[in-house]
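Peer 1: One structure follows; several queries about it will come next.
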Amino acid sequence: MKIGYPCINLTVDCQGNKTFRIKSYSEEKIIETVENNLRCLIEILKFNVKHDLYFFRISSDLIPFASHPICDFKWERHFADEFKYLGNLIRHNEIRISMHPDQFTLINSPDSKIHERSVSELLYHSKVLDCMGLDFSSKVQIHIGGVYGDKNKSMARFIRRYEKLDARIRNRLVIENDDRSYSLRDCLCIFKETGIPILFDVFHHELFNSGETLEEAFKLFARTWRLNDGIPMVDYSSQEDGQRIGTHARSIDNEKFRKFVIRTRSFDFDVMLEIKDKEKSAIEAVKIALSDGRFSTGSSRREMSHG
DNA sequence: TCACGTCAAGCAGAT
DNA sequence: ATCTGCTTGACGTGA
């Protein structure tokens with residue numbers, strides 16, 4: 001089990017997801033911004049290793065406007081050395097990586113323009129992982145998309161569109177159950193047709209499910225991951241008390257997480273804490289997992305792999 | 001230096 | 001109709 005958090009580190013004094021307004025786009029601006037973002041990503045990953053955090057989601061803002069027509073900058077070539085360095089850092093420390101394109105990425109949209117933009121966005125995400133030389137256990141996660149008034153048609157459209165995607169995307173794409181439109185059961189239907197692994201979101205499943213217990217859900221999604229995909233990925237959050245249903249917790253609820261760890265003991269998976277205070281809660285989660293014997297520190301893992 | 005309107009992009013549900 | 005949340009507030013103009 002590896003534990004991590006998404007995109008932003010609040011301790012390290014380095015913002016790895018800097019962007020700018022499209023109006024101020026220039027080659028100079030994007031070079032300067034990406035330089036900063038790559039440098040900070042390195043800093044954050046080093047911080048993570050020091051704190052036994054071996055799972056990280058790279059921000060989609062790493063290369064701002066990468067999939068937009070305005071961007072004709074050859075970022076892969078320009079930053080080839082930096083990407084190589086990052087790839088080595090990630091592989092050497094056995095860090096698990098994910099990316100999560102945002103809510104505008106909808107490959108099942110009936111609007112062909114939105115569909116095309118979404119494919120470009122997915123290709124950008126896949127290329128980032130490719131040019132770091134990462135294998136197919138580094139994933140790009142999306143939700144199935146919109147319902148557009150007819151769920152069956154929209155799911156069929158997703159499947160058709162998926163089958164036409166570039167292999168660079170298909171090798172990395174995983175689907176995540178969401179909290180109101182497409183449940184774990186819906187993701188399993190898509191899996192049956194396409195073989196896409198399912199990234200399980202614990203909190204979404206609590207809010208929107210077909211009656212499966214946590215243990216049943218784990219049995220169902222865990223087998224959708226093949227050997228090349230690595231072990232299953234899980235997103236974890238919990239409800240912030242007193243806020244509207246669906247609000248992610250500000251800080252980890254230690255007892256709740258401990259219970260989760262105990263209930264899922266018979267499964268091996270990597271877990272990302274989608275908690276607002278980021279690495280702070282992730283570090284708490286590491287302590288809890290360690291105390292349950294679910295987790296080995298980086299130094300002991302490295303010794304094992306050498307010995 | 002700081003307040004605050006706005007930011008590439010979509011959808012669904014709540015108000 | 002308008003607002004909010006979503007993996008994450010942050011950019012940058014104007015005072």
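Peer 1: Give me the residue from region A:87-123 that is touching a Phe, Trp or Tyr at 6+ places or on another chain (Cβ under 9 Å), among the aliphatic types (A, V, I, L, M) and part of a helix (DSSP H, G or I) and, out of that set, nearest to residue A:169 (Cα to Cα).
Peer 2: Across region A:87-123, the extreme among qualifying residues is A:114.
Peer 1: Moving on to the next point. Of all the helices (runs of 4 or more DSSP H) wholly in region A:154-265, which have at least 3 residues that are touching a Lys or Arg at 6+ places or on another chain (Cβ under 8 Å) and either within 25 Å of residue A:56 (Cβ to Cβ) or not aliphatic (A, V, I, L, M) (or both)?
Peer 2: Those helices (runs of 4 or more DSSP H) do not exist here; none qualify.
Peer 1: If you check residue A:126 against the conditions, is it surrounded by 15 or more Cβ atoms within 10 Å (Cβ to Cβ), assigned to a helix (DSSP H, G or I) and within 13 Å of the chain's Cα centre (by Cα)?
Peer 2: Yes: the conditions hold for residue A:126.
Peer 1: Related question: Using beta carbons and a limit of 8 Å, which pairs, at least six apart or on different chains, have the first residue in region A:57-82 and under 15 Å from residue A:122 (Cα atoms) and the second one among the aromatic types (Phe, Trp, Tyr) and within 13 Å of DNA strand B (Cβ to nearest atom)?
Peer 2: Here the result reads A:63/A:75; A:63/A:124; A:64/A:20; A:65/A:25; A:66/A:75; A:66/A:124; A:67/A:124, each pair linking region A:57-82 to a residue that is among the aromatic types (Phe, Trp, Tyr) and within 13 Å of DNA strand B (Cβ to nearest atom).
Peer 1: A follow-up question, please. Identify, please: which residue in region A:24-58 is of a type outside the set (A, V, I, L, M), crowded, with 21+ Cβ neighbours inside 10 Å and not in a helix (DSSP H, G or I) and is, among those, farthest from DNA strand C (Cβ to nearest atom)?
Peer 2: Selected residue: A:52.
Peer 1: List pairs: first residue in region A:237-261 and among the basic types (Lys, Arg), second residue part of a helix (DSSP H, G or I) and surrounded by 14 or more Cβ atoms within 10 Å (Cβ to Cβ) anywhere in the structure, Cβ distance under 6 angstrom, at least six positions apart or on different chains.
Peer 2: A:258/A:288
Every number here is computed from the coordinates shown, using simple stated rules; none is lab data. Small disclaimer: the values here were computed from a predicted structure and weren't measured. FYI the Cβ positions are ideal-geometry reconstructions off the backbone, even for glycines, and counts take in every protein chain you see.
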